[in-house]
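Encoded as C-alpha cells, the structure appears first; notes follow it.
The values are calculated or read from the model by the stated rules, or taken from the named source; none is laboratory data. Computed from a predicted model, the values in this text were never measured in an experiment. Methodologically, a virtual Cβ is constructed for each residue, glycine included, from the backbone with ideal geometry; neighbour enumeration extends over all protein chains shown.
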Amino acid sequence: MSSRDDIFGNIRRSLGVKGTETIRRQMVEDRLERSPRGVIPKRGQVSGEERIALFKTMVETSLATVTEVASAAEVPQSIALFLRNHNLPATLRMGDDPRLKTMPWSDTTLDIAHGPSEGRDLSAVSHAFGGIAESGTLAMVSSADNPSTLNFLPDNHIVVVSAKDIASDYESVWNRVRFAYGKGSMPRTVNWITGPSRSGDIEQTLLLGAHGPRRLHVVVVRE
Amino acid sequence: MTVHSTSPQFKQNAARALNDDQLQKALGNVKQGFIDKRQMAADKLPEFEALRDSARDIKNHTLEHLDLYLEAYEEKVKASGGHVHFARDAAEARDIILSICRETGAKTVTKGKSMISEEIGINHHLEANGITPVETDLGEYIIQLRGELPSHIIAPAVHLNATQVEEDFRRVHTHLDAKRDLSEPVQLLTEARAVLRERFLAADVGITGANFLVAETGTSIIVTNEGNGDLTQILPKTHIVLASIEKLVPTLEDVSQLLRVLARSATGQELSVYTTFSTGPRRSTDADGPENYHVVILDNGRSSMLGTAFEEMLRCIRCGACMNHCPVYHAVGGHAYGWVYPGPMGAVLTPSLIGVDKAGHLPNASTFCGRCESVCPVRIPLPKLMRHWREREFERHLTPATVRSGLQLWGFFAKRPALYRFATRAAMGALALAGRQRGRFAWLPMAKGWTKYRDFPAPQGETFQQRWTRERKGARA
C-alpha cells in the first residue's frame, strides 16, 4: 500500500468514515465553493477618507512610513525626496509594472534599473495589488510587473498603492484576487507585508532589518 | 524517531535548569515580553474572543472532514504544477526530501523555521548525506551554531543571552575581523544578515514549513517577521514545503480568521510582518520564484489522534502562547521538556508522538493553573488533555510505585467518607498541636520532597470540610 493510501486509510478509520458519504462530500464542496466569511472586525468597516486614514495610521503602527500624493505623476518626485531625506543614493530598481513605468521618472535624477533583484540593490519600488486598512497591510502579487525579490532583497522598499485599492479587510482583497485570477486560482506568490523586517530573537529585543528591508515606505496615490 | 529525546529525564533536566543562572536570566525575558503584548493586542480588538471561537470551529470542521479537504488540496497543488508527497513517518519524510535535493544536485539548502523539520531531524540527515542545511531564522541560526534544539516554538533561542550569541559568532565567523565590536544586539543582527545573505543567494533548495495549507487553492502559507522564509523560497530553484496533515484549512476566508488570532496570540502583533501565500512553481509570467514546488505531507502519528480525546490537540496553530503563560515553562525553559515541543502544548503532543512511556513526566509537570487554556487561540483544553495522559499513564502502570501506593492509600480513605473525615481531622489536629509554637515544620515524615526546599506551614487545626460546613451554616444564618 502506498503511503498516501495508508494515511488516507488511517484518517478515515480514526474518523469512522469511508470518504464516499454524499452528505460530507457536499458539505465540503459547498464550503470550498461559497467560502463563507467569518467574524470581520468592525475596525476596518469604514469607507472613503476614514478608511484611508485608518490604513495610514495602521501602516505607521507597523513601523513603516507613509506619504500621500495627489496623482501618479507626483510619485517619482515623492520617492526621490524620500531617498534624499534618508541620504540614500539616487538609484531605484523596479519591475515592468505599466503603472510605474508610465510615471514621469525623467523629472528626477533617479537612476532606474528594471527586473528582479539579485541582492545588490539598495532601494526598490513595487506597485501593490491592494492595501488592507484593518491592519495597515500591503497585498503584493508576484509577476514580472512586480517581482517578489523586490519585496525582500533591497534595504529600502517603497510601495505605491492606489487609494481606490485600499480595502477594509483581507476578505475584500481575496474577492479581488478571485476576480483577477479565477476562483480557486492564485498567482505564484501573494505577499502580505505589514511593516519592515524585524527580529526579536536576541533577548526578545525588537530590532528592525533582519533579512528583509530595513525600511518600508508607502506612497498612497489619491486619484 | 531520530531526534533523541531526553523527556524521560525531565526531573533531572528541570533540576539542572533551575540552577542555570544564564538560563534563569534569559527566561526573565519570556515573562516580561510576551504576556503584556498579547493582552494589549487582545484588548485592542473587541472581536478577539469571537475570532477565537471562529478559529476553533474552523479547525474542528476541517479535522472532521480531513480526508476530503486533503484530497481537494492535493488536486489543487497538482493543477498549479506542484508535487505532493505523503510521508507516514519521519524516516519517509527525510528520504523524500533527500531524494528531491539529490535530483536537483543540491549542495546547500536554506531553511525557513519549521518545527516539523526538527521533529523529523532533517538537518542531521542532510548533513550525513553531504548536503549542508543552513537555518536562516536568526534564532534557529544561533541554535544551529550551538548544536541545540529550539527551546521555544516561536523564539527558538529565548534561552540565550546576547553575550552567549556573541561568543558563538566569534567562534564560527572566523573570516571576520576578530577585533570587531559585537557588544550591541543590533551588531549581532547585522552580522547574521550579511553572513546569511550570501547563503540565501547560493542555495540550491529552500525548505520551509507551513503555518497553513489551503484546500480551496492548493496554497501553502508561512508567516515570519524576518523575511527569511521568503528569501528561502523565492531564490533557490526548488522550494520544498514540509507540513503535517493538520495544517489544512478549507478556504482563504478561513485562513484569514486564523491569521487574525495567530500573531496576536504569539507576539501581540496585529499580523506578522510577512504572511506569504505560495501556490505551485513560478509561472511563465513571473520574473523570479522557484521552478519546482514540492509539498511533503507528514502524518507521523497524527492520524491516530483523530477520533480520540487528543484530536483537540490537532487544532494547535503553534503560536506559543501556552508556554509564554506557563509558570512551569517560566521556571525550567524549553529544553527540560526533552524533545521538540515544550510547554503545555508539548506536554500534550509529545506523549502522542513519542509515547507516554517516554514522555509521561511532561503532563505531570503542570500545576493545572489553567492559564494555557485561557490564552489558547483555538481553545484547546490543555489541562484536561494532560489529565487524560496522567490517567493513561496510571492505567498502564507507568506511574512510579510510590505514587501508585500513595494514590491507593488516598483512594482507600476517599471511598470511606466517615473514615476520611475522622482521619483528616485527627491528622490536622495533631499537626496543629505539634506546630503550634513555630507555626511551621522544617521536617516532616514522608514529605521530604517538600521540606527539603521550603518549610511546611502548620495547619490551623480545622479541616477544609469542617470550615466549609461552618461557613455554610454562617451564611444561612
Next item on the list: For the stretch B:287-294, state whether one or more residues are at pLDDT 95 or above, outside any helix (DSSP H, G or I), of a type in the set (S, T, N, Q) and in the same structural domain as B:N123 (by TED's automatic domain parsing).
Entry: yes
Check: If A:I40 passes every condition in (1) hydrophobic (A, V, I, L, M, F, W, C); (2) over 23 Å from the mean Cα position of the chain (by Cα); (3) within 22 Å of B:A42 (Cα to Cα) but one, which one does it miss?
Finding: (2)
Next item on the list: With the condition kept exactly as written, say whether any residue in the stretch B:38-58 is buried (at least 19 other Cβ atoms within 10 Å of the Cβ) and within 19 Å of B:G334 (Cα to Cα).
Entry: no
Notebook entry, point to check: Would you call B:L98 assigned to a helix (DSSP H, G or I), at the interface with chain A (Cβ under 10 Å from one of its Cβ atoms), within 19 Å of B:L242 (Cα to Cα) and of a type in the set (A, V, I, L, M, F, W, C)?
Noted result: no
Check: When you go through (1) more than 11 Å from chain A (Cβ to nearest Cβ); (2) touching a Phe, Trp or Tyr at 6+ places or on another chain (Cβ under 7 Å) one by one for B:T110, which number turns out not to apply?
Finding: (1)
Note to self: Take the residues in the stretch B:239-272 that are assigned to a loop (DSSP other than H, G, I, E, B) and not aliphatic (A, V, I, L, M); name whichever of them is farthest from the other protein chains (Cβ to nearest Cβ).
What the structure shows: B:G268
Next item on the list: Could you figure out which of (1) within 27 Å of B:T62 (Cα to Cα); (2) part of a helix (DSSP H, G or I) isn't true of B:V378?
Entry: (2)
Check: Can you spot a residue in the stretch A:95-104 that is acidic (D, E) and within 16 Å of A:T149 (Cβ to Cβ)?
Finding: yes
Notebook entry, point to check: Could we say that B:T402 is out of contact with any Leu (no Cβ under 9 Å at 6 or more places or on another chain), surrounded by fewer than 20 Cβ atoms within 10 Å (Cβ to Cβ) and closer than 21 Å to B:K31 by Cα here?
Noted result: no
Notebook entry, point to check: Is it true that some residue in the stretch B:178-195 is within 18 Å of the chain's Cα centre (by Cα) and hydroxyl-bearing (S, T, Y)?
Noted result: no
Check: Is there a residue being surrounded by fewer than 24 Cβ atoms within 10 Å (Cβ to Cβ), in contact (Cβ under 8 Å) with a residue 40 or more places away in the chain, farther than 20 Å from B:C316 by Cβ and more than 7 Å from chain A (Cβ to nearest Cβ) anywhere in the stretch B:207-226?
Finding: no
Check: Where in the stretch B:139-238 are there helices (runs of 4 or more DSSP H), lying wholly inside it, with at least 1 residues that are within 24 Å of B:H4 (Cβ to Cβ) and not assigned by TED's automatic domain parsing to the domain that holds B:G268?
Finding: none
Margin query: Return the residues of the stretch A:19-65 that are of a type in the set (S, T, Y), within 11 Å of another protein chain (Cβ to nearest Cβ) and out of contact with any helix residue (DSSP H, G or I) (no Cβ under 8 Å at 6 or more places or on another chain); say none if nothing qualifies.
Written below: A:T20, A:T61, A:S62
Next item on the list: For the stretch B:391-436, name all the residues that are part of a helix (DSSP H, G or I) and among the β-branched types (V, I, T).
Entry: B:T402, B:V403, B:T424
Margin query: Every residue in the stretch B:316-337 that is surrounded by fewer than 21 Cβ atoms within 10 Å (Cβ to Cβ) and closer than 24 Å to B:Q269 by Cα, please.
Written below: B:C316, B:R318, B:P327, B:H330
Note to self: On the basis of being under 12 Å from the mean Cα position of the chain (by Cα), part of a loop (DSSP other than H, G, I, E, B) and closer than 21 Å to B:S80 by Cα, does A:N146 make the cut?
What the structure shows: yes
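Yes/no per residue for (1) surrounded by fewer than 15 Cβ atoms within 10 Å (Cβ to Cβ); (2) of a type in the set (A, V, I, L, M, F, W, C); (3) farther than 22 Å from B:I234 by Cβ; (4) modelled with pLDDT of 95 or more:
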position: A:P98; (1), (2), (3), (4): yes, no, yes, yes
position: A:S106; (1), (2), (3), (4): yes, no, yes, yes
position: A:G115; (1), (2), (3), (4): no, no, no, yes
position: A:H127; (1), (2), (3), (4): no, no, no, yes
position: A:S135; (1), (2), (3), (4): no, no, yes, yes
position: A:A144; (1), (2), (3), (4): no, yes, no, yes
Next item on the list: Report the residue count in the stretch B:73-95 for those that are in a helix (DSSP H, G or I), aliphatic (A, V, I, L, M), at the interface with chain A (Cβ under 10 Å from one of its Cβ atoms) and surrounded by 20 or more Cβ atoms within 10 Å (Cβ to Cβ).
Entry: 1
Notebook entry, point to check: Is at least one residue of the stretch A:149-158 of a type in the set (A, V, I, L, M), over 30 Å from B:G28 (Cβ atoms), surrounded by 21 or more Cβ atoms within 10 Å (Cβ to Cβ) and within 8 Å of chain B (Cβ to nearest Cβ)?
Noted result: yes
Next item on the list: Working only within the stretch A:170-191, note down all residues that are at the interface with another protein chain (Cβ under 8 Å from one of its Cβ atoms) and not β-branched (V, I, T).
Entry: A:Y170, A:E171, A:W174, A:G184, A:S185, A:M186, A:P187, A:R188, A:N191
Notebook entry, point to check: Quick one: in the stretch A:170-197, which of the residues that are farther than 23 Å from B:E270 by Cβ and hydroxyl-bearing (S, T, Y) is surrounded by the most Cβ atoms within 10 Å (Cβ to Cβ)?
Noted result: A:S185
Check: From the list A:V17, A:V66, A:V28, which one is in a strand (DSSP E or B), at pLDDT 95 or above and either surrounded by 17 or more Cβ atoms within 10 Å (Cβ to Cβ) or touching a Gly at 6+ places or on another chain (Cβ under 7 Å) (or both)?
Finding: A:V66
Note to self: Name the residue that is farthest from the other protein chains (Cβ to nearest Cβ), counting only residues in the stretch A:198-218 that are crowded, with 24+ Cβ neighbours inside 10 Å and of a type in the set (A, V, I, L, M).
What the structure shows: A:V218
Next item on the list: Kindly check whether there is at least one residue in the stretch B:410-431 that is modelled with pLDDT under 95 and under 30 Å from B:G333 (Cα atoms).
Entry: no
